[in-house]
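Enquirer: After the structure tokens below, expect a handful of questions from me.
The values are calculated or read from the model by the stated rules, or taken from the named source; none is laboratory data. Keep in mind the model is a prediction, meaning the values are calculated, not measured. No Cβ is skipped: glycine too gets one built from the backbone with ideal geometry, and neighbour counts run over all protein chains shown. All accessible areas refer to the heavy atoms of the entire protein, side chains included, with ligands and DNA or RNA removed. Shrake-Rupley method; radii C 1.70, N 1.55, O 1.52, S 1.80 Å.
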Amino acid sequence: MRVKMYTVGTMGLFGKSQKGSTLGVDIGGSAIKIVELSSDKNRARLMTYGYAELPQNDEGGLLIEDPKRAGLLLADLCKKSGCSTTRAMAALPTSHLFSTILSLPAVKDRKELKPLIDAEVTKLSPLPLSEMITYSTFLDGDSEKEKEEKKNVRVLVTGSAKTFVQKYIDIFKIANLQLQAIDTEAFAIIRCLVGKEKGAIMLIDFGSK
């Protein structure tokens, strides 16, 4: 199963019109939250939502470390919430992500930068590149004029361990949901709250970790 990994600058649910609804799933350490949204004239319309958590006396560890238990809990939550879709999107927690901004020489064809990006990420990443799934986003303008004027380009690289991403994939398989894409929590919040705001904004997300 191939799953896209999204980051800043890439549109998810609201990037383009989609038929039907999509399920957003948040998997925490001991709880799962879901929300089903549909697109109504390019605006989000809430269809249903749900929340389920493990009993307080449950000492089985984090949900993400037990895909079978998490998948069954997610399936039960979807059933009780009356979800009408099997299409879903999820977000990886920031605590399990690697992110960095690289400054690289500007070139006309940005595909030529991939070897340079991989080389820099290899130096900075906590894991070998072969053990990670990474996604690169150019932070500067895409017009030919902007490319010619800049001597350097900034590239945001986000990644996570393949083994961790696979656990998410397994959870959705067990829950019989079609995982459309994996986002990152921080960047999903940016798209949700900032919109087209041009000023500088700091967003702070306080989670359990």
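Enquirer: Distance cut-off 22 Å, Cα to Cα: go down the list Lys123/Lys167; Lys114/Lys150; Lys41/Lys196; Lys114/Lys167; Lys114/Lys151; Lys33/Lys68 and report the pairs above it.
Expert: Going by Cα-Cα distance, Lys123/Lys167; Lys114/Lys167 fall outside the 22 Å limit.
Enquirer: Note down the accessible area of Lys162, probe 1.4 Å, to the nearest 10 Å².
Expert: 90
Enquirer: Please report how far the C-alpha centroid of the range 59-115 lies from that of the range 173-193, rounded to the nearest whole angstrom.
Expert: 6
Enquirer: Here is a follow-up. Can you put Arg191, Arg45, Arg69 in order of accessible area, largest first, using a 1.4 Å probe?
Expert: Arg45, Arg191, Arg69
Enquirer: Can you give the accessible area of Thr94, probe radius 1.4 Å, in Å² rounded to 10?
Expert: Approximately 80 Å² for this residue.
Enquirer: If you put +1 on each Lys and Arg Cβ and -1 on each Asp and Glu Cβ, how big is the dipole of the range 70-123 around its Cα centre, in Debye rounded to 20?
Expert: Values: 8 positive and 5 negative charges, 40 e Å.
Roughly 200 debye for the range 70-123.
Enquirer: Could you put Met89, Met202 in order of accessible surface area, largest first, with the 1.4 Å probe and the full protein assembly present?
Expert: Result, largest first: Met202, Met89.
Enquirer: List the chymotrypsin sites (Phe, Trp or Tyr not before Pro) within the range 151-209 that fall in a DSSP loop (any state other than H, G, I, E or B) and whose Cβ has at most 16 other Cβ atoms within 10 Å.
Expert: Passing sites in the range 151-209 are Phe206.
Enquirer: Still on this model: Determine how large the accessible area of Ser125 is when every protein chain is in place; take a 1.4 Å probe and give Å² rounded to the nearest 10.
Expert: We get 20 Å² for Ser125.
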